[in-house]
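One structure below.
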Amino acid sequence: MPDMITDKIGLLKQATPQKSAGKLEGQAPVDKEGKLKKTCADFESILVYYMFKAMRQSIPKTGYLKESPGKDTYNMMLDQKIAEELANKGKGAGLQDTLFKQLNNRL
């Protein structure tokens, strides 16, 4: 799990505006808007994942069903995948558009 967060934070750092010209010698211009859109979608997926995680933790354990050893890992992977798919479908939950509009003004 920390690897996913570290990767997303790295993407956020790459997408933040910098004072450079956007083109280094011998390199093509960087698609800042594309990177920013991807970063906003990734941020939204992290937020949705933690929302799912908190919702799962709020469900009381009744003891009716026996706990299986890999259930927590499976639930974590399922929540991550659902959050990623939600963020990458259409406009996601709407947060990424708001973030993009806010941050795009600074590019």
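Read-outs throughout are calculated quantities, based only on the coordinates presented, and are distinct from any laboratory measurement. Computed from a prediction, not measured in an experiment: that's the story for all the values here. All Cβ positions, glycine included, derive from the backbone under ideal geometry; neighbour counts span all protein chains shown.
Miscellaneous remarks
- Take the Cα of Arg106, step 7 Å toward its Cβ, do the same at Asp72, and the gap between the two points is 3.6 nm.
- Where N is the number of residues in segment 41-99, Cα Rg divided by 2.2 N^0.38 Å: 1.32
- Here each label is just a point 7 Å from Cα along the line to Cβ, and for Lys35 and Lys53 those points are 2.7 nm apart.
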